[in-house]
Amino acid sequence: MDINSKLPDVGITIFTIMSKLAAEHKAINLSQGFPDFSPHPDLVDLVSDAMRKGLNQYAPMQGVPELRRQIARKTAELYGAKIDAEKEVTVTSGATEALFAAISAVVHAGDEVIVIEPAFDSYVPAIALNQALPVFVPMTFPDYAIDWNRVASAVTGRTRLIILNSPHNPTGTTLTGEDISALRDITSGTDILVLSDEVYEHIIFDGRRHESLLRHPDLAGRTMVISSFGKTYHTTGWKIGYCVAPSRLTEEFQKVHQFLTFATNTPVQHAYAHIMKRRELYLGLAEFYQQKRDHFVALMKGSRFKPLPCTGTYFQMMDYSAITDEADVDFARRMTIEHGVAAIPPSVFYHDGRDHKVLRFCFAKSDQTLEQAAELLCRI
Ligand code: PMP
Ligand code: GLN
């Protein structure tokens, strides 16, 4: 049977490949991004309570109202944005669903979408399935900054959307005020929309402020901001995220969302609505992960890996060029099998497989896991 694949170039994601390889070889898994510790016990209780209370049927398509109100409240407190919880918030089945719904809602066949590389792996397949064209702009290396001159020259009359991600996976960099100004210059007076992937919004280090696009009303007016509870509450397996967008964009977004998943897990939404009231849990996340970053980097001082700057996310990029000139994909594989630690090769996040001889390590792990991993890595 000739299936005639709609995604002929897409294979199994690197996260699945590396986590499987790590499991097969009993390696410490610092590849796929997920915590190896538990969520807050109260959050687990809140989900059970919601289930016991009988909150087990379909949630409203847009999301549980109290959760949408909490999202709007948090957004106002942190970013000064006045968000209408009724018309501008949609709860989704993970940020992954939100990204797909956002791209599908606004991108037409033949449109161009600017993708900054390295790019999280779900963006390009979503663009391709909508028969649009990704236009790739590489970040600079080794500082992984956005080259806005290159973004400006990538813009054409067919540019529909620019996708941004800050704090950025896999590089661990974050947008600055200058980036925001450059984005404003490029988009003002155009119909270009922005998709801002802010799933690591609370994981930002060294006193920096998260440059949410929601801080900037002129830009927020053309932007769909995506976030994920999985990163904030150590619950990546619960798969709940959300999209905040102006009402006209939210209308279009919900047209897709309602037929993609219709609605999202009810008891978990109720639990998040409760736990969000405890501001210290999300406000304390930056400090929590900053300590992990610092611990991991200090442990790696005795190794031949060289850390690159990490200002946000729970990923640390490490230059391994002092060890080998193997391709990152090969080294990541060999390191898992021979040295017992799995990491992600970032070349897979470039359409041209660009290889800078760095690996991405996830430090959302217990101190013990990080110490065991660093001990093995220091021997390489
Ligand atoms: N965007 C980025 C940059 C991510 O790292 C992730 C985490 N995998 C997602 C989106 C998807 O988030 P979720 O697990 O909520 O679907
Ligand atoms: N966001 C996680 C990472 O970057 C994993 C995503 C996934 O497994 N799809 O590692």
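The values are calculated or read from the model by the stated rules, or taken from the named source; none is laboratory data. Just so you know, these numbers come straight off a predicted model, no measurement behind them. Every residue, glycine as well, gets a Cβ built from its backbone with ideal geometry; the counts of neighbours run over all protein chains shown. In case anyone asks, the SASA skips ligands and DNA or RNA and just uses the protein heavy atoms, side chains included. Shrake-Rupley method; radii C 1.70, N 1.55, O 1.52, S 1.80 Å.
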Scan of segment 155-201 for residues that are away from ligand 1 (no atom under 14 Å from the Cβ) and under 24 Å from VAL358 (Cα atoms), ordered by number: THR176
Residue satisfying condition, being open to solvent by 30 Å² or more (accessible area, probe 1.4 Å) and either modelled with pLDDT of 95 or more or over 20 Å from the mean Cα position of the chain (by Cα) (or both), within set ALA105, ALA128, ALA119: ALA128
Failed condition for PHE34, given (1) more than 16 Å from ligand 2 (Cβ to nearest atom); (2) in contact (Cβ under 8 Å) with a residue 40 or more places away in the chain: (1)
Segment 74-95 residues that are closer than 17 Å to SER247 by Cβ, paired with ones that are among the aliphatic types (A, V, I, L, M) and open to solvent by 40 Å² or more (accessible area, probe 1.4 Å) (beta carbon under 7 Å, 6 or more apart): LYS82/ALA76; ILE83/ALA76
Residues of segment 202-224 that turn out to be within 16 Å of ligand 1 (Cβ to nearest atom) and without any contact (Cβ under 8 Å) to a residue 60 or more places away in the chain, as a count: 3
Subset tally (residues that are under 16 Å from LEU164 (Cα atoms) and either among the charged types (D, E, K, R) or more than 13 Å from ligand 2 (Cβ to nearest atom) (or both)) for segment 190-203: 8
Among the residues listed as VAL199, VAL194, the single one being part of a loop (DSSP other than H, G, I, E, B), among the β-branched types (Val, Ile, Thr) and open to solvent by less than 20 Å² (accessible area, probe 1.4 Å): VAL199
Wholly within segment 224-303, helices (runs of 4 or more DSSP H) carrying at least 2 residues that are buried (at least 20 other Cβ atoms within 10 Å of the Cβ): 229-232, 247-260, 266-275, 285-299
Number of the condition not met by ALA152 [criteria: (1) among the aliphatic types (A, V, I, L, M); (2) more than 14 Å from the chain's Cα centre (by Cα); (3) within 16 Å of ligand 2 (Cβ to nearest atom)]: (3)
Qualifying residue in segment 68-85 (condition: farther than 27 Å from HIS274 by Cα and among the hydroxyl-bearing types (Ser, Thr, Tyr)): no
Count of residues meeting criterion [within 23 Å of GLY207 (Cβ to Cβ), assigned to a loop (DSSP other than H, G, I, E, B) and in contact with a Leu (Cβ under 9 Å, 6 or more places away or on another chain)] in segment 154-172: 5
Odd one out for ARG334 among (1) of a type outside the set (Ser, Thr, Tyr); (2) within 20 Å of the chain's Cα centre (by Cα); (3) exposed (fewer than 15 other Cβ atoms within 10 Å of the Cβ): (2)
Filtered residues of segment 157-175 (kept if open to solvent by less than 60 Å² (accessible area, probe 1.4 Å) and over 17 Å from the mean Cα position of the chain (by Cα)): THR159, LEU161
Scan of segment 90-102 for residues that are part of a helix (DSSP H, G or I) and within 16 Å of ligand 2 (Cβ to nearest atom), ordered by number: GLY94, ALA95, THR96, GLU97, ALA98, LEU99, PHE100
Residue satisfying all of: in segment 347-364; basic (Lys, Arg) and part of a loop (DSSP other than H, G, I, E, B); farthest from ligand 2 (Cβ to nearest atom) among these: LYS357
Hey, MET18 out of contact with any helix residue (DSSP H, G or I) (no Cβ under 8 Å at 6 or more places or on another chain) and either within 16 Å of ligand 1 (Cβ to nearest atom) or in a loop (DSSP other than H, G, I, E, B) (or both) or not: no
Residues satisfying the stated conditions in segment 49-89, i.e. in a helix (DSSP H, G or I) and open to solvent by less than 40 Å² (accessible area, probe 1.4 Å): ALA50, LEU67, ARG68, GLN70, ILE71, ALA72, LYS74, THR75, TYR79
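Residues checked against (1) more than 12 Å from ligand 1 (Cβ to nearest atom); (2) more than 20 Å from HIS168 (Cβ to Cβ):
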{"residue": "GLU86", "(1), (2)": "yes, yes"}
{"residue": "GLY94", "(1), (2)": "no, no"}
{"residue": "ALA102", "(1), (2)": "no, no"}
{"residue": "ALA109", "(1), (2)": "yes, yes"}
{"residue": "ALA119", "(1), (2)": "no, no"}
{"residue": "ALA128", "(1), (2)": "yes, yes"}
{"residue": "ALA132", "(1), (2)": "yes, yes"}
{"residue": "PRO138", "(1), (2)": "yes, no"}
{"residue": "ALA145", "(1), (2)": "yes, no"}
